[in-house]
1. Long-range amide H contacts for B:Leu48: which residues qualify at under 5 Å (H placed 1.01 Å from N, peptide plane, sequence gap of 5 or more or a different chain)?
2. What is the sum of charges, Lys and Arg at +1 and Asp and Glu at -1, for the other residues whose Cβ falls under 13 Å from the Cβ of B:Ile202?
3. Under the convention of a label 7 Å out along Cα→Cβ, give the distances in nm from B:Glu102 to the same position in every other copy, shortest first.
4. Counting only residues 5 or more places away or on other chains, whose amide H sits under 5 Å from the amide H of B:Phe39 once H atoms are built in the peptide plane?
5. If you scale each eigenvalue of the Cα gyration tensor by 5 and take the root, what three semi-axes come out for segment B:99-210, rounded to whole angstrom and sorted largest first?
6. Per-residue accessible area for A:Thr147 at 1.4 Å probe radius, Å² rounded to 10?
7. Using the Karplus equation 6.51 cos²θ - 1.76 cosθ + 1.60 (θ = phi - 60°), what ³J(HN,Hα) coupling, rounded to whole Hz, does each residue of segment A:165-177 give in order, writing x for Gly and Pro?
8. Once the convex hull of the alpha carbons of segment A:145-218 is built, what does its volume come to per residue, in cubic angstrom?
There are 2 protein chains.
Amino acid sequence: MTNINPEWVGLNQFDEDKGLFPADMSYSIQNYRKNILIFRQGGVCDALYILIQGSVKTEMITENGNLLGIEIIKAPRPLAPAFLFSDNNRFPVDVTTLEDAEVLRIPKEEVIRLMTSQPDFMKQFLTHNANRTQFLTNRLQLLSIKTIKGKIAHFLLEQSSEHGSKFVINRNQTELAGFFGVARPSLARSLSEMVQDGVISINKKEYTLLNNEGLRELLL
Amino acid sequence: MTNINPEWVGLNQFDEDKGLFPADMSYSIQNYRKNILIFRQGGVCDALYILIQGSVKTEMITENGNLLGIEIIKAPRPLAPAFLFSDNNRFPVDVTTLEDAEVLRIPKEEVIRLMTSQPDFMKQFLTHNANRTQFLTNRLQLLSIKTIKGKIAHFLLEQSSEHGSKFVINRNQTELAGFFGVARPSLARSLSEMVQDGVISINKKEYTLLNNEGLRELLL
DNA sequence: TGGTATGTGTAACAGATGTTACACTTTTTG
DNA sequence: CAAAAAGTGTAACATCTGTTACACATACCA
């Protein structure tokens, strides 16, 4: 129900750039077979883990069994790097391999050492987390808009600020509905009403904004 | 409408610990009078700004005038430190002083230098951002639950995992409604239904969880 | 090319939440 | 202590969204 589409979630990644890591780095590599639970929600996160091969899914679970959200992560990407340094440094999710996977583990102390000795590593780490925060902020902003038309307006105005008043969205209604967290027919209804009201026009996947004022009013 | 209560937003802060900063740090201090716009949404963020005196409000605006959310920040706290290192390093909000304010400005290069030379500063910076991310993640999780009862259940189970099955919540219904992003009477209705259904009981501000299974089902 | 899968438009209906209003209770304050 | 303020319970009603169902269009594939 509240699944989070992987596409919307993890944007940036540590480049494969092994060059980032010095030869004397202390680390270990773990290999896991398919369908293995590698981190448990609530478990202490005392190292930086980077998925360098394979893919995993993270599930947010509610102490017994109900899922709240799923994210699929493909290599290469760090796993929950933001939590390594939080006061409550515990994994917020279960992590399970989807296929055979290889995980690089760098102990927290070593991460700190790397950060001070390798400015590029530090910048990369900071940038990754910053981008993630920005993504979360944006997502939060979108979710805190109550009405479907408001969400659509927010999204379209954002696109518009990047691509002008006419642009193509390479997503079908089902995907968009998932992104907004609403039902597909409800999205279709709202879209067609907005077209009828003359604030936008739609041709296939090409959207044209006709009345920015009107759109902004929908944000409430 | 979608106001974000300051209390829920910024938890951690750079301690006043001037000791974190070395004597040779290059910085500048800006003073602003009341009701001055000090950062504009979209403006480039090329330095770390720390509010050391006074208070400001941040408004998320939609290119012209409509508010999406307001956050009030009191000194001492950094202003949007997460965005300093993001690929799109622009302020996500307008920042306006509420009273006379004093802002410490540390250029990005200097921040990087500090991080490498002052491990404590680096840890503080990382921890702050990590906590912020964790907060945002949690908030996102809460907002992505659709039903009011689901939000309540999520919140109560979280409290319960920290304080056991009986605990006090020092917030009135109006505040809770704001936190959940719902209308106050709607919250009251949901709460009273949950009491009637016997999953919880409420005495003033003391909540008792009577049926955790039932609560988990409400998460959907 | 024809058939199948996928995507879209739309309608009827049910359910949940917001809005408004008001009585009542509790807390605060002078 | 009394009056005012703040907080709570509840009802009627409006509105929005989800659900389900189905017709139709479009894209894909053998």
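1. Sorted by chain and number, the residues that satisfy this are B:Ile106, B:Lys108.
2. Summing Lys and Arg as +1 and Asp and Glu as -1 gives +1.
3. The answer, with the shortest distance listed first, is 5.5 nm.
4. Hits under the 5 Å cutoff: B:Val95.
5. One finds semi-axes of 40, 16, 13 Å for segment B:99-210.
6. 60
7. Couplings: 8, 10, 7, 9, 10, 7, 9, 7, 4, 4, 5, 4, 4 Hz.
8. Once divided by residue count, the hull of segment A:145-218 is 80 Å³.
The values are calculated or read from the model by the stated rules, or taken from the named source; none is laboratory data. Since this is a predicted model, take the numbers as computed values, not measurements. With ideal geometry, Cβ positions are generated from the backbone for all residues, glycine too; neighbour counts draw on all protein chains shown. SASA here: full protein model, heavy atoms, side chains in, ligands and nucleic acids out. Shrake-Rupley method; radii C 1.70, N 1.55, O 1.52, S 1.80 Å.
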